[in-house]
Amino acid sequence: MQILRTVPASVIDYANGSFHQTIEPPNECPHCKNRGAFSALGYYSRNVTNMERGVLRILVRRFRCVVCRRTVSILPSFAQPYRLVLNATIAERSEGFTVVNTQLHRACAPICAPFPSP
């Protein structure tokens, strides 16, 4: 399981620095709900994209619950679970679609008004 956590670093600072070493375990196991039952398991690497620097490799912190033995990864909030693309990249690319959708909605409003929304 992956848990997103806000980190006080940009993706470039996170990749170049040692922020992955400062990640604390969750307060409670999301699987068995036990409190404070984590041991550090290590790190795994993954790639994320950045508009300025291309593909960057980051380290993601993993913990194991000593009660249920299941693992939890703490993923920085700038990353997408199971995706290579960053949240910021998605936001930058989708801004144009929002404008187009708004204009399309305004143009279609008179035609669609008689029909109820699903």
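What follows is calculated from the coordinates using simple rules that are stated; it is not laboratory data. This one's a predicted model, so the numbers in the text were calculated from it and none came from an experiment. For neighbour counting, all protein chains shown are included, and Cβ atoms are generated from backbone atoms with ideal geometry for every residue, glycine included.
What you get for the stretch 2-86, charging only the Cβ of Lys and Arg (+1) and of Asp and Glu (-1), is a dipole of about 380 debye around the Cα centre.
Residue order for 68, 29, fewest other beta carbons within 10 angstrom first, comes to 68, 29. In the stretch 2-86, taking the dipole from charged Cβ atoms about the Cα centre, the farthest positive-side position among 7, 72, 48 is held by 72.
Distance between the modelled labels on residue 35 and residue 71, one decimal in nanometres: 2.8 nm (7 Å Cα→Cβ projection).
The Cα atoms of the stretch 2-86 give a gyration tensor whose axes a ≥ b ≥ c have a/c of 1.5 or more with a/b greater than b/c, which makes the shape prolate.
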